[in-house]
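Below is one structure; the comments refer to it alone.
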Amino acid sequence: MTGRYWVETLGCPKNQVDSDKLAGTLAADGLVPAGDPGDADVIVVNTCAFIEAARQESVETVLALSGARRPGARLVVTGCLAERYGSELAEALPEADLVAGFGVPVSLVDKPGASRFDLLNLPRPPAEAPWAYLKVAEGCDRTCGFCAIPSFRGPQRSRSMEAILAEVDSLGAAEVVLVAQDLASYGRDLGRHGDIVPLVRAVAAKVPRTRLLYLYPSELTDGLIEAMGETACPYFDLSLQHASKAHLRRMRRWGDGSRFLARIEAIRWREPEAAFRSSFIVGYPGETEADHDELLRFLEEAQLDWAGFFAFSPEEGTHAAGMADQVPPALVAERLLECGELQDGITARRRAALIGSTTTVLVDRAGVGRSHREAPEIDGIIRLPEVTSPDAGGYCAGAHHAGAHGRFVEVEITGAEGPDLEARPVPAEVTACGG
């Protein structure tokens, strides 16, 4: 009887790529996907260990799936939490049959003597959605004060361009989302600093839309901005973390609010349709009221399309873990609320300003699409009328299957509700999906 597997993924898009590759190894062992965790013979939980909240979610997910599995099913814990804590995690979670770090084989049956594999370069199945994440490098060489990722993901290790382009071909996706811990530094560890530019151009030549996630601001060169203008996706996901220069230095980070604003303004001048996302840490040790006010001013001036805010989490082994001047939790919560409310208003106004404009949308599934302004699974969506016949005055979204390209349609934005938009097909494009 063929075994069945279920892979539960937590954390960032980079983890999703790892899960896709793990699914490929399970399929190679003869297993097929289960329709539900309770039907699986092996359940794999790909965990996140970035901050305390992520670790807690990972443990809770393991416990929940352990309780939901059928008798005799095998439970495997892998990913960042397993790599970072190893035997300590195995001892704390007796529910798990195996705690497997990166590159440890995951299967229904133990294979004595099985060699480790290179997860980064494993093949993976074709994309099931019309978009797919693609990891171009693993690890990070930076020493940000708050981040423990280099301690368990290791230093940066870039893939060859040939391997990346081959994976683009194998995915069969209409939108490829390039990801890495430090994406713009792709190739630096190979002695080829700046290779991100030819890589972006090469991927953009193969797919209709290429999106980039996680750009360190100092690496956002004119050459990279120019290359991103050729991707049909002027979407700038900048890892800023704060706006106060003094505070960024405490965080062991580059830049300041005025530099960030100047760069954003220059990009908008060059790419008027550019969309911007960033993330910020609130409550890092030493953050003063003046620092916080500077961040609020930056958000008001920058008018980012999207932003996420996270409470500082002291991570074992990081520079910040032992720092003095810890910010009281109540004050962190207050500052998070201020930032979130301010940005929610900015996002809503920027979305509402799009009403009446036209844009190109990739149909992810019937009734739901995204323009270049919306990254998959992260930002808002564009709701589309579920019309299956061009003769009915709409477009046909079609049913996606593994490896299928998504359908791009021209739409007019007709409404906005918070982060989401409503749209209708532009009449001139009605016949675009015939056949």
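Summary table below
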quantity: Within the chain, percent of DSSP bridges classed antiparallel, to nearest 5; calculated: 35
quantity: Distant-in-sequence amide H partners of VAL282 (H built 1.01 Å from N, under 5 Å); calculated: PHE310, ALA311, PHE312
quantity: Protection-proxy order for peptides 324-330, 30-36, 232-238, each taking the mean of Cβ atoms within 10 Å per residue, highest first; calculated: 232-238, 30-36, 324-330
quantity: Distant alpha-carbon pairs in region 1-90 (separation over 23 angstrom), percent; calculated: 20
quantity: Within region 226-245: backbone nitrogen closer than 19 Å to the ALA202 label point (7 Å, Cα to C-beta); calculated: 226-232
quantity: Karplus 3J(HN,Hα) series, Hz, for region 411-425 with 6.51 cos²θ - 1.76 cosθ + 1.60 (x for Gly, Pro); calculated: 9, 10, 6, 10, x, 9, 9, x, x, 9, 10, 10, 8, 9, x
quantity: Region 239-301: trypsin sites (Lys or Arg not before Pro) falling in loop per DSSP and having at most 16 other Cβ within 10 Å; calculated: ARG252
quantity: Estimated 222 nm signal from helices in the chain, with DSSP H stretches of n ≥ 4 weighted -39500 (n - 2.57), rounded to 500; calculated: -10000 deg cm²/dmol
quantity: Burial order of peptide ranges 17-23, 212-218, 355-361 (average beta-carbon count within 10 Å, highest first); calculated: 17-23, 212-218, 355-361
quantity: Estimated inter-spin distance, LEU63 and LEU342, nm [label 7 Å along Cα→Cβ]; calculated: 3.7
quantity: Two-site FRET efficiency, ALA53 against ASP293, from Cβ-Cβ distance with R₀ of 30 Å, rounded to 0.05; calculated: 0.70
quantity: Highest-first arrangement of 315-321, 204-210, where packing means the average Cβ count within 10 Å; calculated: 204-210, 315-321
quantity: Descending semi-axes in Å of region 47-105, equivalent ellipsoid built from Cα gyration tensor; calculated: 18, 14, 9
quantity: Percentage relative contact order, the chain, counting C-alpha pairs under 8 Å, at least six apart; calculated: 11
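Read-outs throughout are calculated quantities, based only on the coordinates presented, and are distinct from any laboratory measurement. If you're wondering where the values come from, they're calculated on a predicted model, not measured in any experiment. Every residue, glycine as well, gets a Cβ built from its backbone with ideal geometry; the counts of neighbours run over all protein chains shown.
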